[in-house]
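Below is one structure, written out as structure tokens; the observations come after it.
The values are calculated or read from the model by the stated rules, or taken from the named source; none is laboratory data. Everything numeric here is computed off the predicted structure, so don't read it as measured data. FYI the Cβ positions are ideal-geometry reconstructions off the backbone, even for glycines, and counts take in every protein chain you see.
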Amino acid sequence: MDERLNGLKIPTHVAVILDGNGRWAKGKGLPRTMGHVQGAKNIEDMMYVFDELGVKYFTAYAFSTENWKRSEDEVNAIMVLLKNHLAAGFKKAAKNNVRIRMIGERTRLSKEIQKLIADLEEDTKNNTGLQFQLAVNYGSRDEIVRMMRDTAVKIKEGIILPEDINEKYISDNLDTKDIPDPDLMIRTSGEQRISNYLLWQIAYSELYFTPCYWPDFNKEELIKAIVEYNNRDRRYGNAK
Ligand code: FPP
């Protein structure tokens with residue numbers, strides 16, 4: 001543990017909007033996809049950093065429902081990267097006691113990626129180290145629509161009554177069921193938007209924006225975010 005964190009509260013759950021891969025690459029005269037290569041690698045490196053600093057849950061926004069609108073070449077490159085990391089680095093994390101889950105709508109992903117994700121989820125379900133969530137084809141509004149449709153069917157079939165719906169029911173039926181709400185939400189690259197990420201879940205989260213591009217986000221940057229988090233006057237949430 002880093003001594004700068006002595007006496008500080010560590011957020012239980014940190015959600016990250018990893019932004020700036022394209023600009024990182026451009027600044028170095030590289031193609032955009034090289035930014036994604038580096039960004040994907042950094043997700044893996046950061047898993048160990050989150051774990052080392054005592055953060056229990058790390059949720060990374062890798063691909064949004066909006067991201068399909070990018071060029072076919074870019075989408076394909078991201079999907080290849082995703083497949084390769086699921087098959088290699090994430091498997092390694094699985095052996096290091098990391099629990100891996102996916103949030104988002106799965107059926108639009110290739111069968112191969114769906115299977116890699118399902119296998120990782122099954123193989124890591126009893127892991128007790130870092131709880132890592134990868135948001136893929138994720139959009140908060142889409143998540144809420146799926147939950148609402150499922151709820152409507154349950155009501156129609158008499159499985160639940162309208163009065164069974166309350167805040168707990170909703171939390172328990174989103175993709176993030178069993179995962180505490182984020183204490184801290186970080187967005188990299190200087191943009192200050194939420195971009196349809198975890199809208200229900202971040203009701204009480206602290207928001208932290210840094211100009212650092214995601215491929216450069218490292219332990220030092222995470223420590224800065226945690227120090228800033230400790231300077232906030234926080235009234236709700238689940239951090240110890
Ligand atoms: C944001 O940068 C990045 C994305 C929307 C895609 C991120 C995808 C990966 C890192 C690959 C997925 C692989 C794994 C292992 C999960 P941007 O392209 O929006 O950057 P810009 O705003 O500077 O253009």
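A quick yes/no check of all residues on (1) at pLDDT below 95; (2) in contact with a Pro (Cβ under 8 Å, 6 or more places away or on another chain); (3) small (Gly, Ala, Ser):
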residue: TYR48; (1), (2), (3): no, no, no
residue: GLU66; (1), (2), (3): no, no, no
residue: LYS83; (1), (2), (3): no, no, no
residue: LYS95; (1), (2), (3): yes, no, no
residue: GLY104; (1), (2), (3): no, no, yes
residue: GLU112; (1), (2), (3): no, no, no
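Take the residues in the stretch 54-74 that are outside any strand (DSSP E or B) and within 18 Å of TRP214 (Cα to Cα), then tell me which one is farthest from the chain's Cα centre (by Cα). Can you show your working first?
Just the residues of the stretch 54-74 that are outside any strand (DSSP E or B), to begin with: 54-56, 65-74.
Still in the list and also within 18 Å of TRP214 (Cα to Cα): 67, 74.
Values: ASN67: 15, GLU74: 20 Å.
By that ranking, first place goes to GLU74.
Of all the residues that make up the stretch 85-98, how many are under 18 Å from LYS56 (Cα atoms) and assigned to a loop (DSSP other than H, G, I, E, B)?
Total satisfying the criteria: 3.
Pick from ALA25, ALA15: which is over 21 Å from the mean Cα position of the chain (by Cα) and either modelled with pLDDT of 95 or more or of a type in the set (A, V, I, L, M) (or both)? Break it down into steps so the answer makes sense when it comes.
On the way: ALA15 fails: over 21 Å from the mean Cα position of the chain (by Cα).
On inspection, the qualifying residue turns out to be ALA25.
Could you tell me whether any residue of the stretch 113-128 is touching a helix residue (DSSP H, G or I) at 6+ places or on another chain (Cβ under 9 Å), surrounded by 15 or more Cβ atoms within 10 Å (Cβ to Cβ), β-branched (Val, Ile, Thr) and in a loop (DSSP other than H, G, I, E, B)?
Yes - at least one qualifying residue is present in the stretch 113-128.
Tell me, which residue of the stretch 1-57 that is touching a Ser or Thr at 6+ places or on another chain (Cβ under 8 Å) and among the β-branched types (Val, Ile, Thr) is nearest to the ligand (Cβ to nearest atom)?
Out of the qualifying residues, it is ILE17.
Of the residues ARG106, ARG4, ARG101, ARG23, only one is charged (D, E, K, R), assigned to a helix (DSSP H, G or I) and surrounded by 14 or more Cβ atoms within 10 Å (Cβ to Cβ); which? Before you say what the answer is, go through the steps one by one.
Details: ARG106 fails: assigned to a helix (DSSP H, G or I); ARG4 fails: surrounded by 14 or more Cβ atoms within 10 Å (Cβ to Cβ); ARG101 fails: assigned to a helix (DSSP H, G or I).
Residue meeting the stated conditions: ARG23.
Test of understanding: among TYR57, TYR61, which residue is touching a His at 6+ places or on another chain (Cβ under 9 Å) and within 30 Å of ASN231 (Cα to Cα)? Outline the logic, then answer.
Values: TYR61 fails: touching a His at 6+ places or on another chain (Cβ under 9 Å).
Result: TYR57 is the single residue among TYR57, TYR61 that is touching a His at 6+ places or on another chain (Cβ under 9 Å) and within 30 Å of ASN231 (Cα to Cα).
Could you identify the single residue in ASP142, ASP183 that is in contact with a helix residue (DSSP H, G or I) (Cβ under 8 Å, 6 or more places away or on another chain), touching a residue at least 60 places away in the same chain (Cβ under 8 Å), surrounded by 18 or more Cβ atoms within 10 Å (Cβ to Cβ) and not small (Gly, Ala, Ser)?
Working: ASP142 fails: surrounded by 18 or more Cβ atoms within 10 Å (Cβ to Cβ).
Result of the check over ASP142, ASP183: ASP183.
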